[in-house]
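Visitor: Attaching a single structure in structure tokens format; questions to follow.
The values are calculated or read from the model by the stated rules, or taken from the named source; none is laboratory data. The structure displayed is predicted, hence computed values, not measured ones. A quick note on method: Cβ atoms are made from the backbone with ideal geometry, for glycine too, and the neighbour counts reach across all protein chains shown.
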């Protein structure tokens, strides 16, 4: 009788290790700090981030912005964005992958480069993926890893998360 719960617990532990391991295995080699790279990153979401509904209807947080490698020869030069909370990839909490390539015609116009018109991103993660929060607003650091043709670039972003819902229209 005791075997089934132990097996289920072992399977759950393996699944958690696999989820974290995939992203940790993905980020290898040298990582360049954002300020030492040709990558530009801007966040549009106002702070503190309030809770919004996620795709499955559960409460979550959403961060929006744009990112582009200005030395890329073709397009925005970013292949993917991976996010961790309060620590780098070897010890932070994996939040997930941002949706990247969203329309941002304003960026293409500002840089006079139509190839940058699809450099927007949106990162949404469930409240359940965070440590228990009892304060009305809590400060964290997001570690965003941007995969470029020149290797990984790391952006450390301070964020504040609110316990209340976001009342901004369109969120």
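Visitor: Given 19, 62, 46, which one is under 25 Å from residue 122 (Cβ atoms) and modelled with pLDDT of 90 or more?
Guide: Checking each option against the conditions leaves just 62.
Visitor: Which residues, taken from segment 95-141, are within 16 Å of residue 52 (Cβ to Cβ) and loosely packed, with under 13 Cβ neighbours inside 10 Å?
Guide: Within segment 95-141, just 128 meets the criteria.
Yes/no per residue for (1) under 17 Å from the mean Cα position of the chain (by Cα); (2) modelled with pLDDT of 90 or more; (3) more than 15 Å from residue 42 (Cβ to Cβ):
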site: 94; (1), (2), (3): yes, yes, yes
site: 97; (1), (2), (3): yes, yes, yes
site: 105; (1), (2), (3): no, yes, no
site: 115; (1), (2), (3): no, yes, yes
site: 123; (1), (2), (3): yes, yes, no
site: 129; (1), (2), (3): yes, no, yes
site: 139; (1), (2), (3): yes, yes, yes
site: 145; (1), (2), (3): yes, yes, yes
site: 153; (1), (2), (3): yes, yes, no
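Visitor: A further question on this structure: I need the full set of residues from segment 38-62 which are surrounded by 17 or more Cβ atoms within 10 Å (Cβ to Cβ) and in a loop (DSSP other than H, G, I, E, B), in order please.
Guide: 45, 48
Visitor: Would you mind stating whether residue 149 is more than 19 Å from residue 49 (Cβ to Cβ) and touching a helix residue (DSSP H, G or I) at 6+ places or on another chain (Cβ under 9 Å)? Spell out the reasoning first.
Guide: Numbers: more than 19 Å from residue 49 (Cβ to Cβ): yes; touching a helix residue (DSSP H, G or I) at 6+ places or on another chain (Cβ under 9 Å): no.
Spelling it out, it is not the case that residue 149 is more than 19 Å from residue 49 (Cβ to Cβ) and touching a helix residue (DSSP H, G or I) at 6+ places or on another chain (Cβ under 9 Å).
Visitor: I need a count of the residues in segment 56-65 that are within 16 Å of the chain's Cα centre (by Cα) and in contact (Cβ under 8 Å) with a residue 60 or more places away in the chain. Spell out the reasoning first.
Guide: At the first step, the residues of segment 56-65 found to be within 16 Å of the chain's Cα centre (by Cα) are 60-65.
Then keep just the ones that are in contact (Cβ under 8 Å) with a residue 60 or more places away in the chain; that gives 60-63.
Residues that pass the stated criteria total 4.
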